Amino acid sequence: EEQQQMRSKKPIPQPAGWKSNVKKWKRNHGKAYCSGKKGSEKITGARILKKPCGEKCRLRCTSKFDEATRQYILDHFWNLGDIEKQRWFVASCIKKIYRKQDEKKIRKREENHSFHLLNNNLKVRVCKHFFMATLDISTKMIRTVFAKMNDEGSVGADMRGKTLESRRYIDPVQKEGVIAHINSIPRIESHYLRAQTTREFIAGGKTIADLHRDYVAICEAKNEPFLKYSMYRHIFNTEFNISFFIPKKDQCDVCEAFKNMTAQEREADELYLQHLEEKKLSRKEKEEDKNSPAAEVCVYDLQAVLPLPNGEVSTFYYLSKVATYNFSISDLKSKQSYCYVWHEGEANRGANEIASCVLDYLQKKSVQMQPNNFEVIFYSDNCSGQNKNKYIVSLYAYAVKTIPNLTSLTHKFLIKGHTQNEGDNVHSLIQRKVERALKTGAIYTPMQYSQIIREAKKTKPYFKVMDLCHEDFYDFKALSTQVGNNFTTNTEGTTIHFKDIKIMKFNKNDPDSFQYKTSYAEESLKTINLNSRKRRSSSNELTLKRAYLTPCGVKEKKKQEIMKMFDKKIIPQAHFPFYNNL
């Protein structure tokens, strides 16, 4: 039922609007329609009352039915709109006439039938000519009904396109086999759009043709019949909403909408002009911050999931994999990058995890800068679940309170759709190193990824890698209740939304509030007091608790699937302890 409600990858065909089906609908409803190939079309007129039998008819049909009754019968018959229902109607109006004489004494001949039409809810016998003229049908319709009628008087169903020999017929068992095979492919969660799209994603290492070959191989191994590639592709595209490619992070809705506008709409689109101005100002401000000696300038982002196990073995493609995460912070002045690596068996990837990594970076930076004071400016994308929420605000408020030489902290959000930055180079280098490593063998553990990241950059400064476990993450969601009870109402009484904020700034001299801008073009900052009760909290009152007492672990089904790979000798036994302890 959920699958039927799911949007398909490609637009679902609308057969009701196809020309052939429109023609069929008109034909079955007795309307005028055009038939034949293009260039030699033939117009068939609408069904109308034909001339009835004459006065010489021995049944005197015309005296039993007036024109209004005949018209009502004609309309009722063609409004049925279905060939099977119309055949049933004809069959119900025909009766077989049994011979009164001894069959042995007369010559063989075809059986006789009588025809009847309703008049005032009574069946009235009419001649064949009157019957066909009233319904505007030919003898072919009557012959077809006779051919399909069984001994009980029932008319067989229309089997066109429904027989086993028909190319349109799909064996339901085989179709379920295709659906089961597609469902067996592990889904990959979208990093940025997972809360905004119903589309599912699978690894891009295969094509639909590759998947069909795997499906055929499975069926052949079980000695079972299988569907052809065209039908497999049809099911994949119409009954699933699956893509091989992760959608581009932070894609710009405004720019995409602008591309689809008319020339007149583009001229009047102030939103797009404002959007371009924000993009220009954000990039200009980042360049100015990089060239200014006043503060440390960093960008941070979470890399796309690194799966385990990862290799060219075809079985791995259908295996539910363990996700490895890499959160990178890049110093734009020193060119030093810090990579925080952990896997889903230890912790999730949300605001708590991101905030914990940022706090660790700030504490390490504080030690490096002592005894000097320092300021930090962060740049990032607009992922609300990770970078733009009250838990990150709580982190920054906690940092300026507890880190003695951190005087101010500013977070500037790049404009949606235009978040390209120096941090992307870090992930690009890592991804290329992963691809080269896979050519020599599979990757089985997070430690292998950590080593790959360390070796990804060939020139100094090399990437610094911090391998994290569940004990390294803190609960900033609990901390937010200690920091304050107001995150969205400014000192003027106006409520703001995090999605509208472009800049946030935190100062040590006023740690119980933060300043913000909703546009890079704004000259002054507005203020939000974190504690609406106007009660200042000291750093001693803020208690930072661990987010996890034990590792998160993985789903039992995922673990069992991976453990079977050890039984089949697909994964080396040397990696058994890691997966067994998940």
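The values are calculated or read from the model by the stated rules, or taken from the named source; none is laboratory data. Everything numeric in this text was worked out from a predicted model, so none of it was measured. Cβ placement follows ideal geometry from the backbone for every residue including glycine, while neighbour counts extend to all protein chains displayed.
Quick one: in region 278-329, which of the residues that are charged (D, E, K, R) and part of a strand (DSSP E or B) is surrounded by the fewest Cβ atoms within 10 Å (Cβ to Cβ)?
Step by step, filter region 278-329, then rank; the result is Glu296.
Need pairs with beta-carbon distance below 7 Å; first residue assigned by TED's automatic domain parsing to the domain that holds Thr410 and more than 21 Å from Ile403 (Cα to Cα) and within region 500-520, second surrounded by fewer than 18 Cβ atoms within 10 Å (Cβ to Cβ) and of a type in the set (A, V, I, L, M, F, W, C); sequence gap 6+ or separate chains.
Close Cβ pairs (under 7 Å, with a partner that is surrounded by fewer than 18 Cβ atoms within 10 Å (Cβ to Cβ) and of a type in the set (A, V, I, L, M, F, W, C)) amount to Tyr516/Leu525; Lys517/Leu525; Thr518/Ile496; Tyr520/Leu281.
Looking at region 377-414, which of its residues are among the aliphatic types (A, V, I, L, M) and closer than 24 Å to Asp467 by Cβ?
Across region 377-414, the qualifying residues are Ile392, Leu395, Ala399, Ile403.
Need pairs with beta-carbon distance below 7 Å; first residue closer than 13 Å to Cys339 by Cα and within region 351-375, second polar (S, T, N, Q) and not in a strand (DSSP E or B); sequence gap 6+ or separate chains.
Pairs found: Ile354/Gln386; Ile354/Asn387.
Which of (1) modelled with pLDDT of 90 or more; (2) in contact with a helix residue (DSSP H, G or I) (Cβ under 7 Å, 6 or more places away or on another chain) does Glu353 not meet, given it meets every other one?
So Glu353 meets the others, but not (2).
Looking only at region 48-73, which residues are part of a loop (DSSP other than H, G, I, E, B) and of a type in the set (A, V, I, L, M)?
Listed by number, the residues that qualify are Ile48, Leu49, Leu59.
For region 550-582, what are the residues that are in contact with a His (Cβ under 9 Å, 6 or more places away or on another chain) and free of Cβ contacts under 8 Å to residues at least 24 places away in the same chain?
Correct list: Phe566 only.
Would you confirm, using the coordinates I've provided, whether Arg266 is outside any loop (DSSP other than H, G, I, E, B), modelled with pLDDT of 80 or more and either in the same structural domain as Gln420 (by TED's automatic domain parsing) or farther than 25 Å from His427 by Cβ (or both)?
Here the answer is no, as Arg266 does not meet what is asked.
Just to be sure I understand the filter: pairs with C-beta atoms under 7 Å, separated by 6 or more residues or on different chains, first member in region 398-422 and over 20 Å from Ile501 (Cβ atoms), second member of a type in the set (D, E, K, R) and in a loop (DSSP other than H, G, I, E, B). Which pairs pass?
From residues that are over 20 Å from Ile501 (Cβ atoms), the pairs are Leu406/Lys508; Thr407/Lys508.
If you check Thr550 against the conditions, is it surrounded by fewer than 13 Cβ atoms within 10 Å (Cβ to Cβ) and modelled with pLDDT of 90 or more?
Taking the combined requirement at face value, the residue satisfies it.
Of all residues in region 349-388, which are surrounded by 21 or more Cβ atoms within 10 Å (Cβ to Cβ), not charged (D, E, K, R) and not in a helix (DSSP H, G or I)?
Within region 349-388, Val376, Ile377, Phe378, Tyr379, Ser380, Cys383, Gln386, Asn387 qualify.
State all residues of region 435-450 that are touching a residue at least 60 places away in the same chain (Cβ under 8 Å) and either farther than 19 Å from His575 by Cα or not in a helix (DSSP H, G or I) (or both); if no residue qualifies, say none.
Gly441, Ala442, Ile443, Tyr444, Thr445
Within region 274-316, restricting attention to residues that are small (Gly, Ala, Ser) and in contact (Cβ under 8 Å) with a residue 12 or more places away in the chain, which residue is nearest to Tyr520 (Cα to Cα)?
The selected residue is Ser282.
Yes/no matrix, rows are residues, columns are (1) of a type outside the set (D, E, K, R); (2) farther than 25 Å from Asn382 by Cβ:
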position: His411; (1), (2): yes, no
position: Gly423; (1), (2): yes, no
position: Ala442; (1), (2): yes, yes
position: Pro461; (1), (2): yes, yes
position: Lys464; (1), (2): no, yes
position: His470; (1), (2): yes, yes
position: Gln482; (1), (2): yes, yes
position: Thr488; (1), (2): yes, no
position: Ile496; (1), (2): yes, no
